[in-house]
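Structure, as structure tokens:
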Amino acid sequence: MKTKKHLCLMGLLLALLHPTPSLAQVTFYVAADGDKEFIIEGADIKPNSEVELTIAYDSLGFTNPRVSVEQGSVTDINDAITDTLIIKAVQGDFDTQTYHLSFDKKGDRPGRIYSVTGTIAGPDGTVSPTQTLPYASSPDVLLPQPQDEEKAALAETGAAGGSAEQVIPGQSVLQRFKDFKGKKGLKAFTALFNRSPGDRNIQEPTVLLSDGKTLVRIAPALLRDSADTPDIALSDAKLVNLAKEDGRGWVITALPNKGTWDARLIIRTGGKIYELPLVVAPQVKIDNGIAEKNFLAELDRFRTERVAAGTWEGKPNRQVLIEYIFTANYLADSGNASHGKAAEIAIVTN
């Protein structure tokens, strides 16, 4: 009995003298790489670990976040929460990682990121502690996040960019897909392309497949009664022509970049900047004969093929993006989104 007690005491003493090593803390370093791109680097990450980064950013200055990694793979990007981007990735065979984060800018205001928080789960499920620091070369890369009152003031005045113009973003059809909570199906998805009540903007063709050749014509209601040449810009598209037409006002002819789904017309008028998302999607091959009864089965087959091929990997809300692109191609190929139906499907601004 005494021997057993002695062994227990010796074991306790050895444990105190040689404690179990604690998990090494992983530090993520953040640096700016221009005015809309950032680099996030981490070391001592166990191979094949699951990494989740939560990034708080200024959605008034940045849009369309994208990310890539130098090794391993990005499994999901989610920007459904305003001002928040969640990146999930699987670490490769090395213990270091570099994330390349980029945005599109909105208007003239400078974008900013506020914080980067990492969570790492090893192959055995063990969670490693993390911290985030700015690189010495970018000491101001992580700025304090404004409070709700300050955010409202920035949105109203554009003070963060030194501009007094208010940016008014339009709601894209893709955003409707992100917000959709109903039962999925052909009828439900095609209804998301219908224009909002009171929307008088016209886009022809109403659903454009961005093959790099097809032109789109937009007649914005904002410019219908304008006599002066409008102050406009295009994002992810090139201006081909700007002319005034009887009964329509100013009509913009543009060529969306090949493969885009995020082309936008930007109009500056009356001290405000309006963003009008165009209804565009990459051209893909889908089977003929799609109907309500086989729509979801064909969508699932299309999704499986695209995921296996790595198409659109690393894009935010990839699954929703696939649903949007598939439905857009169905509408364009079936003729249900023809030039003559501009009164039913058009630019969404409400």
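We did not get these values from a lab; they are worked out from the coordinates using the rules stated. Please read all numbers here as calculations on a predicted model, not as lab measurements. Cβ atoms come from the backbone with ideal geometry, glycine included; neighbour counts cover every protein chain shown.
Check the straight Cα-Cα distances from residue 187 and name the aspartates and glutamates below 14 Å, setting aside those fewer than 8 residues away within the same chain.
Within reach: 292, 323.
When every alpha-carbon pair in segment 16-109 is counted, what percent end up more than 19 Å apart?
Tail of the P(r) past 19 Å holds 46 percent of the pairs.
Would you mind getting the Kirkwood hydrodynamic radius of segment 166-341 from its Cα pairs, rounded to one decimal in Å?
17.1
So how do 181, 106 line up by other beta-carbon neighbours within 10 Å, fewest first?
Fewest-to-most ranking of 181, 106: 181, 106.
In whole angstrom, how far apart do the alpha carbon centroids of segment 171-230 and segment 84-144 sit?
One Cα centre to the other: 34 Å.
Which of 213/238; 105/178; 36/213; 36/105; 36/238 have a Cα-Cα distance over 18 Å?
The answer is 105/178; 36/213; 36/238.
What ranking of 304, 130, 214, 82 emerges when the number of other C-beta atoms within 10 Å of each C-beta is taken as an exposure proxy, fewest first?
Lowest count first: 82, 304, 214, 130.
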